[in-house]
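Student: What follows is a single structure, and I will ask about it in a moment.
The values are calculated or read from the model by the stated rules, or taken from the named source; none is laboratory data. As the structure is a prediction and not an experimental result, all values here were calculated from the model. Heads up, the Cβs are rebuilt from the backbone with ideal geometry, glycines too, and the neighbour counts pull from every protein chain shown.
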Amino acid sequence: MKTVWRILRIVFYTLLIVVAGAIGALVVLTKTERGRDNLAGIISRLASNDDRKITVSGIDGIWSGALSVDHVVLEDREGAWLVARKVAVDWSPLALLSKNFSADRIAAERIELARLPVASTQPAPSGGTTTLPVSIDIKQIDLPEIALGQQLAGSGIAELAAKGSVKADAAPLAVETVLNITRHDGKQGNVDAKIHFAPADNRLDLDLKASEPAGGIIANLLKLPDTPPVDINVSGTGPLANWNGIGTFSVDGKIVTQLTGRHQLTDKGNHIEAKGDGDFARFLPENLKPLFAGKTSFDIAGTATSAGGVSVDRANIDSDAVHGTATGIVDPAGASDLSVELAAKGPPVVISVGSKAQPITLAISNATARAFGDGKAPIIDVGASFVSIVAGGTRLDDLAAQIHSDGFDIQNRAGPVTVKLEAGGLNTDVATLAPLITGKIDVDLAGSVSKDAIAIDQGTLRSDALNASLTATVALADLSMQLKMNADAVATAFPPQIASVLGARVKFSASAARDPQGSFAANSIEFTSGTLSAAGTASMQGTDIQADIKGKLGDVSVLSPTVGVPVAGGVDFALSASGAMTARDFTVTADSDSLTASGRTVKSIKLTASGKADITSPAANVSLTGSVDDQPLDIKAALVTSEGKRSINGFLVSLGDNKVSGDLALDDKFMPLGTLTLDAPAIDQLAALAGQAITGDIDGTIRFAGDGDAPSVAIDAKSTSIARGEVMAKAITVNALIANYLKAPAISGTIKADSVTSGTTEIGGIGVDLKRDGDWTNFTGGATIAGIPATAAGRVKIADGTTSIEIASGEATVRGIKAAIAQASTLSIA
């Protein structure tokens, strides 16, 4: 027993200490300036959250009955939107002991409302009660200066004043308020409101009047064109069990909208009727205005049942553009059957959704929706017909859409879903995609939806050219994704450059994933068509990529039309890339046991290219080896970028004893500058690579130079002999400069040969002098043909694909007799 009393004494003394501490803390927080500042900080922190910040400063007179606050600032994610300055509350603190907040007067010297607050991202609290914790009696509200910012006022700053009173009883609930708002900045406008709501007395009285001239606040908030004069009247009176109300909205003195409402308390619940007509379009967002074009009327009647359901007896809406109806019942605790229909009266209704930067234009013919069955998880059918849907450069025509769920959990927003889309056609400005989606388009998706994820268990896409299937899951919280896809398309739907190496159809499959951080990976990529096949992986993390692809082209003969000569054989290839997308490292390899072109075979081919694909500083090393007629083939080059300048170093083409080698720089227009050396004692080997049958030898140099927009090439070469077919030239020397060789070649220099034979005809002592004359090349020359000496002079010009030849003079001596052309002649070859 002593132990019990000892424990009770300890508890009693502890309570005394706690109470004494609480009283002391309360005195410190309310009676000292520092304490009041701390109290203001505590209140500010308790009232704030991630989306809202409230700052209270300068609290005084808490227990005196004359409470004052220097200022209160309300902020959201975009900053401060309301400031109340010099707030004064004349109240009775002791009245709180009887659960009453009683104030003779609440006033603020000035309130500044810059804009409306942005919507909170915090979830709204669920549940709760409609009763008040305390009764409220504020006999006078006095706000002499309310400043509205330009976003609300429309232009400049609007100055208002507000007076009123509020009385609200907690139990039984009853509310009575009077409010008057007027402008005092030289402009007219006022709002008068009286509300008396007493459920226990079965009473609701409502009287609201608002009037503003042109350029007013209400017209600006409603975004009415030219901000016309506005008048609003809403009134209603009577018992709650049989209450009637009416509202009118007038613009420029004319009633544009009129609403009537009725509430009745029945044995089934609260029955509500509402009717209205008017020009509602002007009050709606721009993208919804087409639905309510012209005069719009509505007629709604339904009952909010005591079980928590809603029974819709009728819900009709008509405008010049659409007719809509709804009827049925929604009962979460029982059975539901609600149907909604919306149809265009004439042409399809065109509305725009999406953003201003990326609008999506819908041309709607009709839409239907039905929910029936278990009220908690009803069967849902939604259908819609669109004449067209346009987004950017893509247009979908004659679309029929259907959505079905065998049981969709309304509260948890989860359930199975199937989607079926049928379109008459799809047009797009994406050139590579357009051929794949020609003709009729069918899309079928089956899966499920929940608050956490969307799953596609089976999906198909079909067009005249494409059959595709997919499965996918997407987490809504972080957009992580798993995707598998298979596709089968006709080869003719691909660009001609690619289609030439494909078979009749192309098959593609891949699995892909996106992690919560946004990294993307495509695994098990496979591509097959004809003798072409490829497989590999690819991934992207931020701006970095990683790719590895290996494949085979079993028959290169499909490339014959592209390269211009018959080719045969097969090639294995591989590609790898890694690093930043704008400067990725890459390696490309290709191998072939044997390739044949124009009857010439190259064996043991191995191509390797590696480097960095950086548009500002590219680099690459290229090597190709093989053998032709047991002669080694070796081609090498290195692309180097140093201090912003590009060059090709170590360029080499070697076949047997024949070589072309040198170093070239590239100017800003990627034109070559430098010298290549030719050393070809047996040019038949090199010519065969180009599909030509030429024998002989040649050695010399080719010098590339730049001259502004007219680059030039100088050729200094000689040959013991060159032969093609029956034609053979011996002791050839060429010393020529070709100016502007890309656009309008003009040649200067000399060309000589000891002899040229063709069959039994022999030409000897050939010599031609060339001189540049602007865009023209002047020529003079002579030769002995079958023992007959001859000379000629003229000029040649090559421009815009046409060769123009002017022969100024020509003569020959036959058996001592000279013969000459009578007059100059001209010849053009296009």
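Student: Out of (1) within 31 Å of the chain's Cα centre (by Cα); (2) surrounded by fewer than 16 Cβ atoms within 10 Å (Cβ to Cβ), the odd one out for Ala534 is which?
Tutor: (2)
Student: Out of curiosity, is Lys718 farther than 26 Å from Ala597 by Cβ, without any contact (Cβ under 8 Å) to a residue 40 or more places away in the chain, basic (Lys, Arg) and in contact with an Asp or Glu (Cβ under 8 Å, 6 or more places away or on another chain)?
Tutor: Yes: the conditions hold for Lys718.
Student: Of all strands (runs of 3 or more DSSP E) completely enclosed by segment 752-830, which ones contain at least 1 residues that are aliphatic (A, V, I, L, M) and within 23 Å of Asn735 (Cβ to Cβ)?
Tutor: Correct list: 761-773, 776-785, 788-799, 802-814.
Student: Under the condition of being in contact with a helix residue (DSSP H, G or I) (Cβ under 8 Å, 6 or more places away or on another chain) and without any contact (Cβ under 8 Å) to a residue 40 or more places away in the chain, which residue from segment 230-244 is surrounded by the most Cβ atoms within 10 Å (Cβ to Cβ)?
Tutor: Val230
Student: Which of the residues that make up segment 609-656 are in a loop (DSSP other than H, G, I, E, B) and within 23 Å of Thr582 (Cβ to Cβ)?
Tutor: Ile615, Thr616, Ser617, Pro618, Glu643, Gly644 - these are the residues of segment 609-656 that are in a loop (DSSP other than H, G, I, E, B) and within 23 Å of Thr582 (Cβ to Cβ).
Student: Further, regarding this structure: Looking at the structure I just gave you, is Asp629 over 30 Å from Gly767 (Cα atoms), surrounded by fewer than 16 Cβ atoms within 10 Å (Cβ to Cβ), acidic (Asp, Glu) and within 47 Å of the chain's Cα centre (by Cα)?
Tutor: no
Student: Of all the residues that make up segment 537-570, how many are more than 25 Å from Ala619 (Cα to Cα), buried (at least 17 other Cβ atoms within 10 Å of the Cβ) and either under 28 Å from the mean Cα position of the chain (by Cα) or among the aliphatic types (A, V, I, L, M) (or both)?
Tutor: The number of residues fulfilling the criteria is 5.
Student: Additional query: Is it the case, given these coordinates, that Leu426 is aliphatic (A, V, I, L, M), crowded, with 17+ Cβ neighbours inside 10 Å, at pLDDT below 90 and assigned to a strand (DSSP E or B)?
Tutor: Judged against the criteria, Leu426 is a match.
Student: Next up: What are the pairs with Cβ atoms under 7 angstrom where one residue, in segment 75-104, is closer than 18 Å to Gln140 by Cα and touching a residue at least 12 places away in the same chain (Cβ under 8 Å) and the other, located anywhere, is exposed (fewer than 13 other Cβ atoms within 10 Å of the Cβ) and among the aromatic types (Phe, Trp, Tyr)? Sequence gap at least six, or different chains.
Tutor: Final answer for the pair search is Pro93/Trp63.
Student: Taking segment 724-751 only, how many residues are touching a strand residue (DSSP E or B) at 6+ places or on another chain (Cβ under 8 Å), surrounded by fewer than 18 Cβ atoms within 10 Å (Cβ to Cβ) and in a loop (DSSP other than H, G, I, E, B)?
Tutor: Summing the residues that are touching a strand residue (DSSP E or B) at 6+ places or on another chain (Cβ under 8 Å), surrounded by fewer than 18 Cβ atoms within 10 Å (Cβ to Cβ) and in a loop (DSSP other than H, G, I, E, B) in segment 724-751 gives 4.
Student: Does segment 685-704 contain any residue that is in a strand (DSSP E or B) and of a type in the set (Lys, Arg)?
Tutor: Yes.
Student: Output the residue which, of all residues in segment 451-478 that are closer than 22 Å to Leu396 by Cβ and among the hydroxyl-bearing types (Ser, Thr, Tyr), is surrounded by the most Cβ atoms within 10 Å (Cβ to Cβ).
Tutor: Among those that are closer than 22 Å to Leu396 by Cβ and among the hydroxyl-bearing types (Ser, Thr, Tyr), it is Ser463.
Student: Sticking with this one: What tally of residues in segment 500-524 results from selecting those that are of a type outside the set (Phe, Trp, Tyr) and farther than 23 Å from Ala453 by Cβ?
Tutor: The initial filter retains those residues of segment 500-524 that are of a type outside the set (Phe, Trp, Tyr), namely 500-507, 509-519, 521-524.
Checking the rest, the ones that are also farther than 23 Å from Ala453 by Cβ come to 500-507, 509.
The qualifying residues number 9.
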